[in-house]
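Right, one structure below, let's go through it.
The values are calculated or read from the model by the stated rules, or taken from the named source; none is laboratory data. Nothing here was measured: the structure is a model prediction, and the numbers come from that model. Cβ placement follows ideal geometry from the backbone for every residue including glycine, while neighbour counts extend to all protein chains displayed. Please note that ligands, DNA and RNA were not included when accessible areas were found on the heavy atoms of the full protein model with its side chains. Shrake-Rupley method; radii C 1.70, N 1.55, O 1.52, S 1.80 Å.
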Amino acid sequence: MSDKQPCVLVVDDEPDIRELLEMTLRRMQLDCRCAENLAQARTRLSQQPFDLCLTDMRLPDGNGIELVHHIQQHYPQLPVAMITAHGNMHSAIEALKAGAFDFVTKPVELQVLRELVTSALRLSDEGPDDKPHATQPPDGGERLRLLGRSTKMGEIRTLIGKLARSQAPVYISGESGTGKELVARLIHAQGPRAEAPFVPVNCGAIPSELMESELFGHKKGAFTGAHADKLGLFQSAHGGTLFLDEVADLPLHMQVKLLRAIQEKSVRPVGAQKELHVDVRILSATHKSLADLVADGLFREDLYYRINVIELQVPCLRSRPEDIPELVESLLNRLAAQLGVTTPHLEPEALEALQHYPFPGNVRELENILERATTLCDANHIRVEDLRLPERYCELHEAPPEPNNAQPIYTANGLDPEQIGLESYLENLEKEVLLNTLEKTRHNKTAAAKLLGLTFRALRYRLKKLDLE
């Protein structure tokens, strides 16, 4: 924080509220200026710079939303938080959509207020250009980058920068494999909570009967097997961000409890008598249509509107083929580093084939294709045939000659790729080919590798990856 004492503008027509807020802020070593209405607030803003604005929703000459719009237009780097009546979530959500940093409800809880002010001032201190689009995680891990120079990706990066400056819940939508978790991590890393935990949870991977304990924690003896107190994921993310991936898979009884936790900013561990205050920002994602699930009665409408204050849609890879060369280069460099080999060269025909492929599995599928090709290619050159794409996407190129010992086409046990997904279908198909070939050679791996046209090392790699070794 700079040497200059931060200054906060408080806008409220109730003298008691102004006095309480001013007293609390001064105890936090903050300067404070007050205004009773919109007109006074606009005058104050024109007279001096502020680091934060706290405004009531209802004012004598208008409402706080008007002030949020005024600040967004004339002082876009100034965080503004809304003070709303208790239980009036509609006003809070309206404020967040208008661009408010966060909200606090009356009667004002001082702990919640202090946390809000601390986060907002941290954001104000950073300035608009202090958070680059490529972010180094606090643990020194691999740098977070959103690759692609297309117009769509440029818009996503701009939106991430704006959303990082807010505490509004964000719903990240998009197909599987588009990078929704990466987007969530960037929103966290570029915001005021960057130094606090980012806790991802796959809601579809937790058994229904354990969901409450995993999210909210439990007390020792709360149920059979609860041998000690356990922190829930909300508590683990305190001060940071909780990312609810595949939120559409939450059972209905947990949707009710999640809604309460988000609205009240508190959780009750299983077996506990008291609720615990938690300060987390909620980001959520799913590849399903939440609106359709709401219409079908499978997802609560009130929770939908609570987590979907702002929606960010991540584009599919087939809608931005111009980004494929940059993605390929980055993925090949990373794969080569992981395997300890020289980065392979992708033939121009192979790159062209990739740019004509629709990628139902998006970036995740591209990575899998390149990983397989890196393992199977000869002389460190990836050709079209090394990609193993469906034949209709390689029609522009000369097809490789069929070997005399070509194997029959397998059907992955009759599974339909449209039902199970292309990635799972191809994995099942590959398993079936390997198992049939091993059986034919009586599990002689050297003979199987020769029959399949693979090196012995490549065969062992595939067997290990598919848990067949």
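Quick notes on this structure:
- The residues in segment 335-354 that are in contact (Cβ under 8 Å) with a residue 24 or more places away in the chain and either among the aliphatic types (A, V, I, L, M) or touching an Asp or Glu at 6+ places or on another chain (Cβ under 8 Å) (or both) can be counted, and the count is 9.
- Applying the condition of being free of Cβ contacts under 8 Å to residues at least 60 places away in the same chain and open to solvent by less than 40 Å² (accessible area, probe 1.4 Å) to segment 448-469 and asking which residue is nearest to T375 (Cα to Cα) yields L459.
- From R372, R457, residue being of a type in the set (D, E, K, R) and modelled with pLDDT of 80 or more: R372
- Restricting segment 255-304 to residues that are in contact (Cβ under 8 Å) with a residue 40 or more places away in the chain, assigned to a helix (DSSP H, G or I) and among the hydrophobic types (A, V, I, L, M, F, W, C), the residue that is nearest to E212 (Cα to Cα) is L258.
- Here A41 fits the description: buried (at least 20 other Cβ atoms within 10 Å of the Cβ) and either in contact with a His (Cβ under 9 Å, 6 or more places away or on another chain) or basic (K, R) (or both).
- Of the helices (runs of 4 or more DSSP H) lying entirely inside segment 330-394, those containing at least 2 residues that are crowded, with 20+ Cβ neighbours inside 10 Å and within 31 Å of the chain's Cα centre (by Cα) are 348-355, 362-376.
- Selection count where residues are within 13 Å of E264 (Cα to Cα) and touching a strand residue (DSSP E or B) at 6+ places or on another chain (Cβ under 7 Å), scope segment 86-107: 6
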